[in-house]
Amino acid sequence: MAENPAYPVGLRLTGRKVVVLGGGQVAQRRLPALIAAGADILLVSPEATPSVEAMADAGEITWHKRPYAEGDLADAWYALIASGDTEANTRASAEAERHRVWCVRSDDADAATAWTPATGHSEGVTVAVLTTEARGRDPRHTAAIRDAVVEGLRDGTLVAPHHRTRTPGVALVGGGPGDPDLITVRGRRLLAEADVVIADRLGPRDLLAELPPHVEVIDAAKIPYGRFMAQEAINNALIEHAKQGKSVVRLKGGDPYVFGRGMEELNALAEAGIPCTVVPGISSSISVPGAAGIPVTHRGVAHEFTVVSGHVAPDDERSLVDWASLAKLTGTLVILMGVDKIGKIAETLVAHGKPADTPVALVQEGTTAAQRRVDATLATVGETVRAQQVKPPAVIVIGAVVGVGPQTSA
């Protein structure tokens with residue numbers, strides 16, 4: 001074979017016959033992409049892995065349970081030869097050559113007329129990486145290049161400018177508990193593509209420094225309120241920038257719908273006719289305890305966990321929480337935004353029957369470099385918060401799970 005590079009091309013296989021010879025691990029890896037391409041797939045193999053057999057049972061492929069026979073590649077557009085029978089592979093490859101069928105061989109790349117690239121996908125883009133020659137091919141290196149490109153596109157570290165007009169709108173992005181690595185892939189990509197970012201102080205602030213210079217970053221806490229309430233002013237800012245044809249990201253801490261007022265913003269955008277995408281985030285109610293070594297559930301210890309907002313004291317008439325019922329639960333209680341009210345909350349829980357020696361952990365600045373954990377009980381937590389000078393943001397965990405893992409009290 002001449003030492004010429006392979007010519008890259010994308011095959012459109014919808015409704016076209018593709019023959020796969022062999023039902024082992026190679027076929028198991030390659031068949032899903034062929035199915036997704038809409039190919040009319042004929043599998044020829046005496047045996048198949050359970051996963052390949054399931055594809056046949058589901059009607060995604062046609063399976064002829066026998067060895068290869070001359071004529072199997074008739075009318076085929078593409079062939080994947082991946083059986084363990086070298087002699088059959090050679091005969092099938094020769095048939096493919098006679099019928100001018102592009103043919104991939106898993107056992108002998110030099111004898112193939114086509115090579116399968118390492119592929120990955122990101123938001124409607126297929127990344128395919130192909131080595132330039134058969135001799136000295138290193139599939140692991142090729143796959144590593146593919147992974148690096150796909151990961152860069154997904155997390156926004158590799159930004160390809162859009163040259164077509166983008167649809168303006170707003171994305172409500174949950175940024176996670178604070179560590180910039182804990183934002184979702186989709187959230188990071190949308191952040192990288194934004195024209196305007198309106199950020200909460202609890203969002204992953206380190207990501208803002210990575211934004212291009214042209215991106216306008218607005219601190220939600222510093223939006224002038226005037227005659228508007230804070231939330232109404234934020235809603236108006238989202239609408240105003242989106243109506244200017246900009247791509248706007250509302251970057252929130254945790255998840256937009258877990259005490260994040262995401263639905264209020266979504267409703268305001270809908271009333272203004274602004275398209276909106278909601279990107280869920282990792283909630284601090286689960287991630288922050290986990291980062292401090294506390295599972296919110298554990299076999300034989302807690303079969304449920306309840307997340308409660310503690311921004312309103314139990315004796316406040318605005319409170320919507322049934323603290324008496326919570327005191328009777330045997331599972332884990334996670335309280336957000338409750339540092340300054342935890343003393344009163346603890347007293348209320350004990351008054352309704354929760355044991356005073358129930359363990360409590362407060363995790364301040366969870367998942368960040370400033371994270372610290374302070375342990376107490378319901379009887380002592382009020383004084384402990386004052387003595388240890390625990391400040392928001394902190395997630396409070398109440399229940400036996402506090403003592404399950406290693407304790408690192410400050």
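Computed from the coordinates by the stated procedures, all read-outs in this text should not be read as laboratory data. Remember, it's a predicted structure, so these values are computed and weren't measured experimentally. Please note: Cβ atoms are built from the backbone with ideal geometry, for glycine as well, and neighbour counts cover all protein chains shown.
Excluding same-chain neighbours fewer than eight residues apart, the aspartates and glutamates reachable from Lys354 by a Cα-Cα span under 15 Å are Asp322.
Using the Cα centre of the chain as the reference point, and only Cβ charges (+1 on K/R, -1 on D/E), how large is the resulting charge dipole? Debye, rounded to the nearest 20.
On the way: 40 positive and 48 negative charges, 102 e Å.
It works out to roughly 500 debye.
A cut-off of 5 Å between modelled amide H atoms, ignoring neighbours fewer than 5 places along the same chain, links Arg372 with Gln364.
Checking the Cα-Cα distances for Lys341/Lys391; Lys222/Lys252; Lys222/Lys344; Lys252/Lys344 against a 20 Å cut-off, the pairs over it are Lys222/Lys344; Lys252/Lys344. Near Phe305, the amide H atoms lying under 5 Å from its own belong to Thr332; only residues 5 or more places off or on other chains count, and H is placed 1.01 Å from N. Computed from point charges on the beta carbon alone (+1 for Lys and Arg, -1 for Asp and Glu), the dipole magnitude for region 227-299 about its Cα centre is near 160 Debye. For the peptides 348-361, 238-251, the ranking by mean Cβ contacts within 10 Å, running from highest to lowest, is 238-251, 348-361. The amide H of Val127, built 1.01 Å from its N in the peptide plane, has Gly120, His121, Ser122 as neighbours under 5 Å, considering only residues 5 or more places off or on other chains. Per residue, the average separation of C-alpha pairs within less than 8 Å and at least 6 apart gives region 169-279 a relative contact order of 43 percent.
Quick one: grab the alpha carbon gyration tensor of region 246-322, order the square roots of its eigenvalues as a ≥ b ≥ c, and give me rounded if a/c is under 1.5, else prolate or oblate depending on whether a/b is larger than b/c. Cα axes put region 246-322 in the oblate bin. The convex hull drawn around the Cα atoms of region 285-403, when projected onto a plane and averaged over every direction, covers 6.5 nm². Summary value for the chain: 10 percent relative contact order, contacts being C-alpha pairs under 8 angstrom separated by 6+ residues. By the rule of a C-alpha distance below 12 Å, with chain neighbours fewer than 8 residues away ignored, the aspartates and glutamates paired with Lys65 are Glu47, Glu53.
Under the criterion of Cα pairs below 8 Å and six or more residues apart, the relative contact order for region 17-116 equals 28 percent. In a DSSP loop and with at most 10 other Cβ atoms within 10 Å, the trypsin sites (Lys or Arg not before Pro) in region 29-112 are Arg100. For the chain, the fraction of alpha-carbon pairs lying more than 32 Å apart is 56 percent, rounded to a whole number.
Exposure proxy check: Ile218, Ile282 ranked by fewest other beta carbons within 10 Å? Could you put the intermediate results ahead of the total?
Working: Ile218 18, Ile282 22.
Taking fewest neighbouring Cβ atoms as first place, the list is Ile218, Ile282.
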